[in-house]
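**Q** One structure coming up, written as structure tokens, with questions to follow.
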Amino acid sequence: MTKALLNDYVEMTKPRIALMVLVTTALAYYLAGGGIGVPWVFAMTLLGTAMAGGGASVLNQFIERDVDAKMERTKNRPLIRGTISPQAALNFGVFLTVGGCLLLAWQVNVLAAFLALQSCFLYVLVYTPMKRLTWWNTTIGAVPGAIPPLIGWAAATGSLAPGAWILFAILFIWQHPHFFAIAWMFREDYARGGLRMLPVVHPAARATVSQMIGHTIVLIPVSLLPTLIGMSGWVYFAGALILGLGMLASGVGFSRHRTNASARRVLRMSLVYLPVLFLLIVLDSSPI
């Protein structure tokens, strides 16, 4: 296998998304167990989750290769360029997904493996086809996108406590303003691909503004819950509140201007919000 072909296979796993998945999984594992615990189990948790998530991304591209060929932002993916065949992509995606789930079941625990399998199922077989049917696909897709913290928590403890569900809720809600900003910026591209994203179905922006600001408002109190249940301290509480107000301010800015530039500011703020929030919760975490 040449280096170029290897890079194409890696590209199909969407490494940047995979990195975010691993960060949220590791965060939950750390918080649930009060640290890394057994290094081997921690490593196998990350490896199995990365394999399953990467496999789901490959299978998503296999299913959507006709759509990707019509869109500017995806027309240079390996399947569209023809450097990887559809059959090879299918085999690779199935291998990673099944292999990752089996690894979790074998080396971690069955609950973590089940959650990983659920995430893959919802992403590939529910969210992916729903993108052609309804703008609610963003909310549907936010469910598998928020499952990694549950995997990490389950891997560390073998169960799911309230803290795990709070992390799930934060990530679930955060995805809405994040992806609605992306959908607005690439609305013409999504329309060419026949994907029914919210700005495509409702081009006037009123619905996008409502969803973006509404979810951001809900995100603020939900993000404060870790302090209220004793999972983190008041430093985190203050930081989460400031970050939430920053997200809200960027959403209000988009509501006033409704341009690609203002949507990009929402996107950038969301990309600052999540890692800083997670850093704060780790630095100010409390055993529960």
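Readers should treat all values here as calculations from the given coordinates under stated rules, not as data from a laboratory. Quick caveat, the model's predicted, so the values are computed rather than measured. Note that each Cβ is placed from the backbone with ideal geometry, even for glycine, and that neighbours are counted across all protein chains shown.
**Q** Please count, across the chain, the pairs of lysine residues with Cα atoms under 18 Å apart that sit 8 or more places apart or on different chains.
**A** Details: Lys3/Lys14; Lys14/Lys75; Lys70/Lys131; Lys75/Lys131.
Counting lysine pairs in the chain gives 4.
**Q** Sort largest first and round to whole Å: the equivalent ellipsoid semi-axes of the chain, each the square root of five times a Cα gyration tensor eigenvalue.
**A** Working: eigenvalues 170, 153, 40 Å².
Result for the chain: semi-axes of 29, 28, 14 Å.
**Q** Sticking with this structure for a sec: Tell me, Kirkwood radius of the range 241-288 from alpha-carbon pair distances, in Å? Before the final figure, lay out the partial values.
**A** Details: mean 1/r = 0.0860 Å⁻¹.
About 11.6 Å, per the Kirkwood formula over Cα pairs.
**Q** Take every Cα-Cα distance within the range 134-283, group them into 5 Å bins from 0 onward, and report for each bin the whole-number percent of pairs it holds.
**A** Spelled out bin by bin, the range 134-283 gives 2, 10, 19, 21, 19, 13, 9, 6, 2, 0 percent.
**Q** Answer with one residue from Trp234, Met185, Val222: the one whose Cα lies farthest towards the positive end of the charge dipole of the range 161-288, charges on Cβ with Lys, Arg +1 and Asp, Glu -1.
**A** It is Met185, whose Cα lies furthest towards the positive end.
**Q** Quickly estimate the mean residue ellipticity at 222 nm for the chain, helices only: each DSSP H run with n ≥ 4 gives -39500 (n - 2.57), and the total goes over all residues, rounded to 500.
**A** Details: 15 runs with 222 residues, N = 288.
Value at 222 nm, helices only, nearest 500: -25000 deg cm²/dmol.
**Q** What residues have an amide H closer than 5 Å to that of Leu195, excluding those fewer than 5 places away on the same chain, when H is modeled at 1.01 Å from N in the peptide plane?
**A** none
**Q** Okay, moving on. In terms of modelled amide H atoms, which long-range or inter-chain residues lie less than 5 Å from the amide H of Ser232?
**A** Thr227, Ser286
**Q** Right, another one. Residue by residue through the range 66-80, what is 3J(HN,Hα) from phi via Karplus (6.51 cos²θ - 1.76 cosθ + 1.60, θ = phi - 60°)? Round to whole Hz and write x for glycine and proline.
**A** 5, 6, 4, 5, 8, 10, 4, 6, 10, 6, 9, 5, x, 5, 6
**Q** Can you run phi through the Karplus equation (6.51, -1.76, 1.60; θ = phi - 60°) for the range 8-15 and list ³J(HN,Hα) in whole Hz, with x for Gly and Pro?
**A** 5, 5, 5, 4, 5, 7, 6, x
**Q** Tell me the relative contact order for the chain as a rounded percent, counting alpha carbon contacts under 8 Å between residues six or more apart.
**A** Numbers: 441 pairs, mean separation 51.7, N = 288.
Across the chain, relative contact order equals 18 percent.
**Q** Which cross-chain or sequence-distant (5 or more) residues have an amide H under 5 Å from the amide H of Thr13, H modelled 1.01 Å from N in plane?
**A** So Thr13 has HN proximity to no qualifying residue.
**Q** What do you get when you divide the Cα radius of gyration of the range 146-187 by 2.2 N^0.38 Å, with N the number of residues?
**A** Details: Rg = 13.5 Å, N = 42, 2.2 N^0.38 = 9.1 Å.
Dividing the Cα radius of gyration by 2.2 N^0.38 Å gives 1.48.
**Q** Please compute the length gained on full extension between Phe114 and Met1, using 0.36 nm multiplied by the number of residues separating them and subtracting their Cα-Cα distance. Please report the intermediate quantities before stating the final value.
**A** On the way: separation 113, 0.36 × 113 = 40.68 nm, distance 3.29 nm.
Extending this stretch completely gives an extra 37.4 nm.
**Q** Determine ³J(HN,Hα), in whole Hz, for all residues of the range 26-33 in sequence, where each value follows from phi through the Karplus function 6.51 cos²θ - 1.76 cosθ + 1.60 and θ = phi - 60°; x replaces Gly and Pro.
**A** 5, 4, 5, 4, 5, 5, 5, x
**Q** Over all directions, what mean area does the Cα convex hull of the range 170-258 project, stated in square nanometres? Numbers along the way, then the final one.
**A** Values: hull surface 23.2 nm².
Dividing the Cα hull surface by four gives the mean projection, 5.8 nm².
**Q** Taking the Kirkwood radius as the inverse of the mean 1/r across Cα pairs, report the Rg/Rh of the range 3-54. Don't jump to the answer; show the numbers that get you there.
**A** Values: Rg = 12.9 Å, Rh = 11.9 Å.
Computed over Cα atoms, the ratio is 1.09.
**Q** A follow-up question, please. One quarter of the convex hull surface, Cα atoms only: what value does that give for the range 1-160 in nm²?
**A** Numbers: hull surface 37.8 nm².
Seen from a random direction, the Cα hull of the range 1-160 projects 9.4 nm² on average.
**Q** Continuing with the same structure: Taking +1 at the Cβ of each Lys and Arg and -1 at the Cβ of each Asp and Glu, which of Gly55, Val67, Val108 sits farthest along the dipole of the range 1-160 towards its positive end, judged by Cα position relative to the Cα centre?
**A** Farthest along the dipole direction, towards plus: Val67.
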